[in-house]
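These notes are about the structure you will find just below.
Read-outs throughout are calculated quantities, based only on the coordinates presented, and are distinct from any laboratory measurement. On a predicted model such as this, the values are computed, not experimentally measured, just so you know. Backbone-built Cβ (ideal geometry, glycine too); neighbour counts: all protein chains shown.
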Amino acid sequence: MREIAISLARDFSRHPGPRTNSQGRNSGERFRRLLVEKLKNADVITVDLDGTSGIGSSFLDEAFGGLVRREGFLADEVLRRVRVKSELDESYLVTIHDSIVRAKSLATA
Amino acid sequence: MPGDTIINVPGPAGAYPYIIQLLAKPQEWTEPGVYAPAIPGIVVALLGLWIAHKLSVRRDRRKEILELCEGVKGAVGEAEKACTLAWLAPAGPDRLSAIHESKSKLQMLGIMATDLHRRTTRGFVFRVFNLFADIVMSVNVIGEVARFRDMATSDPFEDPDRPSDDSHISDIAAMAAEIHARVNQQFNSLYR
């Protein structure tokens, strides 16, 4: 099983931006595209959220919930293949989990 | 004297009593018997010192956790203020700056809440008790902080084209108050 680790701060931006590209730089939409590229080459991705200046909920929702809503991944597959970690702020993990579950509910509705 | 041994030795004029006195052996300072009477007092004193130490440690820990809780409540207030300003700011560089500040304050709040949860998590014995009864295991407001972040930075928070918006202010304030109350309630459950 091929696993890779990426750091949001180091491999994307220390200043994550808004939800979509049209709203500003370093958007959740752009990060989601990065995740999709990485998922093509790995079975499991571990995303480290530490080291940024702060992440908005819409960024996280677009980046992770968007994998279900927009990229067609199954929610269970995202939860299995995309592991998120944050040593400093565990509330991000709650937000991301809720985003994926919400996206699953919308997909099945 | 009691303890003396008298030996009557017969002699030409009758029996001659010889008294053999066994003197008490002088006690050496290395003998435990010298100190035995003091042992109960020493045990009581050590027990008292240990109890005082434990109570002092508990008091210091309560004070430390109280300071952490007050820190989290302070961070909630700062995040609430920053998010309110960001929602009310007119479009432009001031809003971008306010949004950046909001996310930074929310992250600081999340970090402090995470630290508080980790430092107040109870040990194995309480985890066993928790299987049978619902008890407070730590001061944990991580879920509430996540909901606070969702509420405070939900769309269209970062939309540069949105107008100044005060519709979220009361919800943000209510969520901040809920976090305050939860921190107090859980702290009192752990350290009353």
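Tell me which residues, restricted to region B:130-143, are within 13 Å of chain A (Cβ to nearest Cβ) and either β-branched (Val, Ile, Thr) or in contact (Cβ under 8 Å) with a residue 60 or more places away in the chain (or both). Talk me through it step by step, then tell me what you get.
Quick first cut of region B:130-143, residues within 13 Å of chain A (Cβ to nearest Cβ) only: B:138, B:140-143.
Passing the criteria: B:Val141, B:Ile142.
Inside region B:160-190, can you point out the residues that are in contact with a Lys or Arg (Cβ under 8 Å, 6 or more places away or on another chain) and more than 17 Å from B:Val72 (Cα to Cα)?
Across region B:160-190, the qualifying residue is only B:Pro160.
Restricting to region A:12-52, and then to whatever is without any contact (Cβ under 8 Å) to a residue 24 or more places away in the chain and more than 23 Å from B:Asp159 (Cβ to Cβ), can you tell me which residue is farthest from the other protein chains (Cβ to nearest Cβ)?
Residue satisfying both the conditions and the ranking: A:Lys40.
Could you grab me the full set of residues in region B:146-178 that are more than 18 Å from A:Thr20 (Cβ to Cβ) and either within 7 Å of chain A (Cβ to nearest Cβ) or buried (at least 17 other Cβ atoms within 10 Å of the Cβ) (or both)? I'd like the intermediate steps shown before the answer.
Within region B:146-178, the first condition is being more than 18 Å from A:Thr20 (Cβ to Cβ), and the residues that meet it are B:146-149, B:151-152, B:163-178.
B:Ala146, B:Arg147, B:Phe148, B:Arg149, B:Met151, B:Ala152, B:His168, B:Ile172, B:Met175, B:Ala176, listed by residue number.
Of all residues being within 14 Å of another protein chain (Cβ to nearest Cβ), in contact (Cβ under 8 Å) with a residue 24 or more places away in the chain and part of a loop (DSSP other than H, G, I, E, B) in region A:63-96, which is surrounded by the fewest Cβ atoms within 10 Å (Cβ to Cβ)? Just the residue, please.
For region A:63-96, the residue satisfying everything is A:Glu87.
In region A:80-106, what count of residues is obtained for those that are among the aliphatic types (A, V, I, L, M) and in contact with a helix residue (DSSP H, G or I) (Cβ under 6 Å, 6 or more places away or on another chain)? Spell out how you get there, then give the answer.
Keep residues of region A:80-106 that are among the aliphatic types (A, V, I, L, M), which gives A:82, A:84, A:88, A:93-94, A:96, A:100-101, A:103, A:106.
With in contact with a helix residue (DSSP H, G or I) (Cβ under 6 Å, 6 or more places away or on another chain) added as a condition, the list becomes A:84, A:88, A:94, A:96, A:100, A:103.
Within region A:80-106, residues that are among the aliphatic types (A, V, I, L, M) and in contact with a helix residue (DSSP H, G or I) (Cβ under 6 Å, 6 or more places away or on another chain) number 6.
Can you run down the residue pairs with Cβ atoms below 8 Å, 6 or more apart or on separate chains, where the first is in region B:101-129 and free of Cβ contacts under 8 Å to residues at least 12 places away in the same chain and more than 7 Å from chain A (Cβ to nearest Cβ) and the partner is buried (at least 16 other Cβ atoms within 10 Å of the Cβ) and part of a helix (DSSP H, G or I)?
Pairs found: none.
For (1) under 30 Å from the mean Cα position of the chain (by Cα); (2) exposed (fewer than 10 other Cβ atoms within 10 Å of the Cβ); (3) part of a helix (DSSP H, G or I); (4) among the polar types (S, T, N, Q), each residue gets a yes or a no:
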site	(1), (2), (3), (4)
B:Gln27	no, yes, no, yes
B:Ala52	yes, no, yes, no
B:Gly74	yes, no, yes, no
B:Ser97	no, no, yes, yes
B:Ser104	yes, no, yes, yes
B:Gly110	yes, no, yes, no
B:Phe129	yes, no, yes, no
B:Ile135	yes, no, no, no
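Quick one: is B:Ile39 of a type in the set (A, V, I, L, M, F, W, C) and part of a helix (DSSP H, G or I)? First the steps, then the outcome.
On the way: of a type in the set (A, V, I, L, M, F, W, C): yes; part of a helix (DSSP H, G or I): yes.
So B:Ile39 passes the test.
Table: residues versus (1) in contact with a His (Cβ under 7 Å, 6 or more places away or on another chain); (2) surrounded by fewer than 14 Cβ atoms within 10 Å (Cβ to Cβ); (3) not in a helix (DSSP H, G or I).
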site: A:Thr20; (1), (2), (3): no, no, yes
site: A:Phe31; (1), (2), (3): no, no, no
site: A:Val47; (1), (2), (3): no, no, yes
site: A:Ser53; (1), (2), (3): yes, no, yes
site: A:Lys104; (1), (2), (3): no, no, no
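Contact list please: Cβ distance under 9 Å, first residue in region B:179-192 and part of a helix (DSSP H, G or I), second residue aromatic (Phe, Trp, Tyr), pairs at least six apart or on different chains.
B:Ile179/B:Phe148
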